[in-house]
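Every read-out reported here was derived from the displayed coordinates using simple, explicitly stated rules and does not represent laboratory data. Since the structure is predicted, the reported quantities are computational estimates derived from the model, not experimental observations. Counting neighbours? That spans all protein chains shown, and the Cβs are built from the backbone with ideal geometry, glycine included.
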Amino acid sequence: MTKSVRKNTEQYLHLYKQMVRIRTFEENANQLYLNAKMPGLTHMYIGQEAVAVGICEALDSTDRITSTHRGHGHCLAKGAEFKQMFCELLGKAEGYCRGKGGSMHIADQDNGNLGANAIVGGSMGIATGAALSAKLLGTKTVAVCFFGDGATAQGLWYEVMNMAALWQLPVIYACENNGYSEYTPTSEIAAGSLKARAEAFGIESHKVDGQDVLAVHALTQGLVNRLRNGEGPFFIELETYRYHGHHVGDINRSYYRTKDEETAWQKDRDPITNFGRWLEEQDIASSEELSEIISGIHAEAEEAVQYAIDAPYPNHDEVDTHVFAGVKHALPYISGDSNGS
Amino acid sequence: MDREITHSQAVNEAIAEEMRRDSTVILLGEDVAEAGTPFKVLSGLVEEFGTERVIDTPIAEPGFMGIAVGAAMTGMRPIVDIMFGDFLFLIMDQLCNQAAKTHYMSGGKLNVPLVVRTNLGATRRSAAQHSQSLHALVAHIPGLKVALPATPYEAKGLLKTAIRDDNPVVIFEDKLSYQMKGNVPEEEYLIEFGQANLLREGNDVTLIGTSSMVQTCVAASDLLAEEGMSAEVMDPRTIVPLDERAILESVRKTSRAVVVDEGHQNYGITAEIAARISEKAFYHLDAPIIRLGAMDVPVPFSPALEDLTVPTPELVAEKALSICRGELVHDA
């Protein structure tokens, strides 16, 4: 074991915990759906944990991210708590967005999460705008735009990459390539190379194993440091895999991918299993210690789920609050009652 | 002290004053800097505020609109210049799915204080993709405020209010009126949203006109006066929020209403205002409410055809007279 490994023990364990937190959250969310306790549906991040954790651990809480419909992982990796997240998923008043956003719109402004987005590619402009603010205000903060391979087909990406490159904005475009654009293999929707598309704008681009949390983290940390010194933007393609379907109801997937493929990724390339094994090999943690971490997080999740189930829904009079900032109730306001009350 | 300046100068002054007052106000759009837009409305701003705050963008409306939304969420107050109102269709996702809903979806945690400055109005012989009046489209979306200045005075006062608002505001200028002159005080002022302006008092009919149609209604009231009818003329100034009370008060007094707006009549602003009057002042009405919007066809190029599509003072007066005289006959 090298000295640097020892020095970073706390950080390594933190990376592990964060990945386990995401997986545990998602397993519980899936169960809530299966038990018909969650309104609507949701998109599981399981399998992609190393991407969110590797990137967000390289950021400060004042750095901004934008997230996607598959956004629970980003939200947790950026520092969100189980209770408020489960409350949001169940539409409860104590949720991060007072139950008004739900799974696909979780935002956590205090930790720099500008929100999940239910329009594929919809947040590419927002992340780029956050980077513009950072540059104009001189805050030295950076922005990371998470999106999937499916979103690379949206024209918006090319428009904002062009401007980010022209204006040298501190933003990382992080493409989580999980191989499938909803129910369609990426090879059928993406011509040429994704990396080459970013490179066409003169944007420095990288491809990394998205299942290797240390590789993701090291790459991102280096790029973030350079962004803070005025370089950028950057593009990263992260090769990853989602174990579940496009959403929780996508159970029969044989028409677009094989069971063998799913099994192989889970068996050979699971980010948590592989990193756990590495922690043991490096003598950073024993398997018992890792099991303890997992059971602690499971208990925390169980408590948070119960808390959210028992938590109250928003009062009915909240239905027209938060439509406009500075206006208590939107319905009287739009008819000319200036107090909106 | 009052002085006369053009609508275009009023807009320029509003932006310059707000940019001096608040360093987070920035301007983004196509040819907004040295060119000062094709209408030359923004001339001189880049010289004062520099290219960091007056930002020329590529021709990529969804992209720079999205960037403005993100900048607004993180501390700036962007003014987005959409060169022609017709190009609003290009930014619909960023404006209506992102900007309009962010405050609500985040449970009030995130604000999007931005202004989209654009325009409306036909009869510039610019055909179907440079002549539309699309304010009804955005007024339909909860979370957006919509302002329709009709004079240089309103252009300045409403824009300054829009820039200071913590919400996304879409402000439509009448592109035919950029050179129109009007009284604008030297002193600073703001115009509160949701406060209609009563331009003429009258007893026989209320003419409610927006933006380009305000002057049309004023001219129509002159024609009506020649016929011995006195028309009240009202300019709502903003349609979200809408000063319903002022409109209803006037209609309760006159018992008749003609609503005139340059957006298409079908499912438009005129329908909305007419519906509110009929719901809330029905028993005060002596006649059906008349709607006059732009004709429900794409705006034609040929002057001979284009002029048929926009309500004129003569048409407004004719319709108003017909309800004042009880001549309006419904098809069986």
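Within straight cross-link reach of B:Lys280, meaning Cα distance under 20 Å, which aspartates and glutamates are found once same-chain residues fewer than 8 apart are removed? Within the straight-line cut-off, B:Lys280 pairs with A:Asp337, B:Asp204, B:Glu232, B:Asp235, B:Asp243, B:Glu244, B:Glu249, B:Glu272. Taking the DSSP beta bridges with both ends in region A:3-310, the antiparallel portion is around 10 percent.
For A:Thr263 and B:Asn97, the FRET efficiency from 1/(1 + (r/R0)^6), where r spans their Cβ atoms and R0 equals 30 Å, is about 0.20. One Cα centroid belongs to region B:212-245, the other to region B:292-332; the line between them spans 15 Å.
Hey, got the average number of other protein chain Cβ atoms within 10 angstrom for residues in A:117-125? Could the numbers behind the result be given before it?
On the way: counts 4, 3, 4, 0, 2, 6, 4, 6, 15.
Neighbouring Cβ atoms belonging to other protein chains average 5 per residue here.
Of all DSSP beta bridges confined to chain B, the antiparallel ones make up roughly 25%.
Starting from the Cα-Cα distance between A:Tyr183 and A:His14, subtract it from 0.36 nm times their residue separation and give me the gain in nm to one decimal. Could you put the intermediate results ahead of the total?
Numbers: separation 169, 0.36 × 169 = 60.84 nm, distance 3.36 nm.
Computed gain between A:Tyr183 and A:His14 is 57.5 nm.
Counting each DSSP H run of 4 or more residues in chain A as -39500 (n - 2.57), what helix-only mean residue ellipticity at 222 nm follows after dividing by all residues, to the nearest 500 deg cm²/dmol? Calculated at 222 nm, the ellipticity per residue is -13500 deg cm²/dmol. For the residues of A:105-111, the average number of beta carbons from a partner chain within 10 Å of their own beta carbon is 4.
Each residue, B:Asn203 and B:Lys253, gets one label point 7 Å from its Cα in the Cβ direction; the gap between the two is 1.2 nm. If R0 is taken as 60 Å, the Cβ-Cβ distance between A:Ala153 and B:Lys280 corresponds to a FRET efficiency of 0.80. The label point for A:Gln306 and the one for B:Asp31, both projected 7 Å from the Cα toward the Cβ, are 6.7 nm apart. Scalar couplings 3J(HN,Hα) for region B:127-132, obtained by applying the Karplus form with A = 6.51, B = -1.76, C = 1.60 to θ = phi - 60°, are 6, 6, 9, 9, 9, 7 Hz; x denotes Gly and Pro.
Amide H contacts of B:Val25 (H built 1.01 Å from N, in plane; Pro and chain starts excluded): B:Arg77 sit under 5 Å, all sequence-distant by 5 or more or on other chains.
Kindly work out what percent of the DSSP beta bridges joining two residues of the protein assembly as shown are antiparallel, to the nearest 5. Could you put the intermediate results ahead of the total?
Working: 13 of 67 bridges.
Counting DSSP beta bridges with both partners in the protein assembly as shown, the antiparallel share is about 20 percent.
Close amide-amide hydrogen proximity is noted between B:Thr206 and B:Glu232, B:Arg256, B:Ala257, B:Val258, each under 5 Å apart and 5 or more residues distant or on a separate chain (H modeled in the peptide plane; Pro and chain starts excluded).
Can you show me the helix-derived [θ] at 222 nm for chain B, built from DSSP H runs with n ≥ 4 at -39,500 (n - 2.57) apiece and divided by the number of residues, rounded to the nearest 500.
Value at 222 nm, helices only, nearest 500: -10000 deg cm²/dmol.
For A:Asp317, B:Asp261, A:Asp250, what ranking results if the residue with the fewest other Cβ atoms within 10 Å of its Cβ goes first? Numbers along the way, then the final one.
On the way: A:Asp317 9, B:Asp261 31, A:Asp250 17.
Listing A:Asp317, B:Asp261, A:Asp250 from fewest to most nearby Cβ atoms yields A:Asp317, A:Asp250, B:Asp261.
Taken as Cα centroids, region A:99-166 and region A:217-291 sit 21 Å apart, rounded to the nearest whole angstrom. Taking 0.36 nm per residue of separation and subtracting the current Cα-Cα distance, fully stretching the chain between A:Asp60 and A:Ser286 would add 78.4 nm.
Across peptide B:53-66, the average count of Cβ atoms from other chains found within 10 Å of a residue's Cβ is 5.
Residue exposure proxy: A:Thr62, A:Thr139, ordered by other Cβ atoms within 10 angstrom of their Cβ from fewest to most, comes out as A:Thr62, A:Thr139.
With contacts taken as Cα pairs under 8 Å and at least 6 residues apart, chain A reaches a relative contact order of 21 percent.
Sort A:274-282, B:233-241, B:136-144, A:214-222 for me by packing, meaning the mean count of neighbouring Cβ atoms within 10 Å per residue, highest on top.
On the way: A:274-282: 16.4, B:233-241: 26.4, B:136-144: 20.3, A:214-222: 18.8.
The packing order, highest mean first, is B:233-241, B:136-144, A:214-222, A:274-282.
Between A:Ser254 and B:Asn183, the simple spin-label model (points 7 angstrom out along Cα→Cβ) gives 8.1 nm.
For A:Asn225 and A:Gln168, the difference between the fully extended length at 0.36 nm per residue and the C-alpha to C-alpha distance is 19.1 nm.
Volume of the convex hull of region A:3-310 (Cα atoms only), normalised per residue: 126 Å³.
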